[in-house]
1. In the stretch 1-59, how many are part of a helix (DSSP H, G or I) and either on the phi > 0 side of the Ramachandran plot or of a type outside the set (A, V, I, L, M) (or both)?
2. Phe54: surrounded by 10 or more Cβ atoms within 10 Å (Cβ to Cβ), modelled with pLDDT of 90 or more and within 21 Å of the chain's Cα centre (by Cα), yes or no?
Amino acid sequence: MYWWSRLRLTAKRRTTLSDVVPHQRQVNDILFGSLNLHDFQELGRILRNLGPSFEHGAHLMEFILKRILAPRTRAGSSPNPSA
(Lines give C-alpha, C1' and ligand atoms only; values in the text may rest on other atoms or scores of the structure.)
Protein backbone atom coordinates (compact mmCIF):
# COMPACT_ATOMS: atom_id res chain seq x y z
CA MET A 1 0.00 0.00 0.00
CA TYR A 2 1.43 3.36 -1.01
CA TRP A 3 1.33 6.48 1.18
CA TRP A 4 -1.03 8.24 -1.22
CA SER A 5 -3.57 5.44 -0.94
CA ARG A 6 -3.87 6.22 2.78
CA LEU A 7 -4.78 9.87 2.29
CA ARG A 8 -8.12 11.05 3.64
CA LEU A 9 -9.79 14.31 2.64
CA THR A 10 -12.14 16.49 4.61
CA ALA A 11 -15.41 17.54 2.99
CA LYS A 12 -13.92 21.00 2.37
CA ARG A 13 -10.86 19.55 0.61
CA ARG A 14 -13.05 17.20 -1.47
CA THR A 15 -14.95 20.27 -2.67
CA THR A 16 -11.71 22.08 -3.44
CA LEU A 17 -10.42 19.05 -5.31
CA SER A 18 -13.60 18.75 -7.36
CA ASP A 19 -13.22 22.42 -8.31
CA VAL A 20 -9.68 21.78 -9.54
CA VAL A 21 -10.38 18.58 -11.51
CA PRO A 22 -11.59 20.21 -14.76
CA HIS A 23 -8.53 22.47 -14.84
CA GLN A 24 -6.17 19.63 -14.01
CA ARG A 25 -7.72 17.63 -16.85
CA GLN A 26 -6.81 20.44 -19.28
CA VAL A 27 -3.26 20.57 -17.92
CA ASN A 28 -2.92 16.78 -18.18
CA ASP A 29 -4.12 16.89 -21.78
CA ILE A 30 -1.23 19.24 -22.55
CA LEU A 31 1.34 17.34 -20.45
CA PHE A 32 0.57 13.94 -21.91
CA GLY A 33 -0.73 15.01 -25.32
CA SER A 34 2.41 13.87 -27.12
CA LEU A 35 2.02 10.29 -25.86
CA ASN A 36 0.08 7.68 -27.78
CA LEU A 37 -2.06 5.18 -25.85
CA HIS A 38 0.73 2.60 -25.64
CA ASP A 39 3.27 5.14 -24.33
CA PHE A 40 0.76 6.52 -21.82
CA GLN A 41 0.03 3.02 -20.52
CA GLU A 42 3.75 2.28 -20.33
CA LEU A 43 4.32 5.49 -18.36
CA GLY A 44 1.59 4.40 -15.94
CA ARG A 45 3.26 1.02 -15.52
CA ILE A 46 6.64 2.64 -14.88
CA LEU A 47 5.19 5.07 -12.32
CA ARG A 48 3.40 2.24 -10.49
CA ASN A 49 6.70 0.34 -10.33
CA LEU A 50 8.46 3.43 -8.95
CA GLY A 51 5.97 3.73 -6.09
CA PRO A 52 7.79 1.42 -3.67
CA SER A 53 11.17 2.94 -4.60
CA PHE A 54 9.78 6.41 -3.97
CA GLU A 55 8.58 5.38 -0.52
CA HIS A 56 11.92 3.74 0.35
CA GLY A 57 13.81 6.78 -0.91
CA ALA A 58 11.62 9.15 1.09
CA HIS A 59 12.13 7.08 4.26
CA LEU A 60 15.89 6.96 3.67
CA MET A 61 16.04 10.75 3.24
CA GLU A 62 14.05 11.19 6.44
CA PHE A 63 16.47 8.91 8.28
CA ILE A 64 19.52 10.71 6.86
CA LEU A 65 18.16 14.14 7.74
CA LYS A 66 17.44 13.04 11.31
CA ARG A 67 21.03 11.77 11.64
CA ILE A 68 22.46 14.99 10.21
CA LEU A 69 20.26 17.33 12.21
CA ALA A 70 20.18 15.46 15.53
CA PRO A 71 23.76 16.29 16.63
CA ARG A 72 23.21 19.96 15.83
CA THR A 73 19.99 20.24 17.78
CA ARG A 74 21.47 18.33 20.74
CA ALA A 75 24.45 20.67 20.80
CA GLY A 76 22.11 23.67 20.90
CA SER A 77 23.02 24.91 17.45
CA SER A 78 20.55 25.73 14.74
CA PRO A 79 19.02 22.76 12.90
CA ASN A 80 19.27 24.78 9.68
CA PRO A 81 22.59 23.88 8.00
CA SER A 82 22.82 27.31 6.36
CA ALA A 83 22.29 29.20 9.63
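The values are calculated or read from the model by the stated rules, or taken from the named source; none is laboratory data. What you are looking at is a predicted structure, and each value in this text was computed from that prediction instead of being measured. No Cβ is skipped: glycine too gets one built from the backbone with ideal geometry, and neighbour counts run over all protein chains shown.
1. 35
2. Taking the combined requirement at face value, the residue does not satisfy it.
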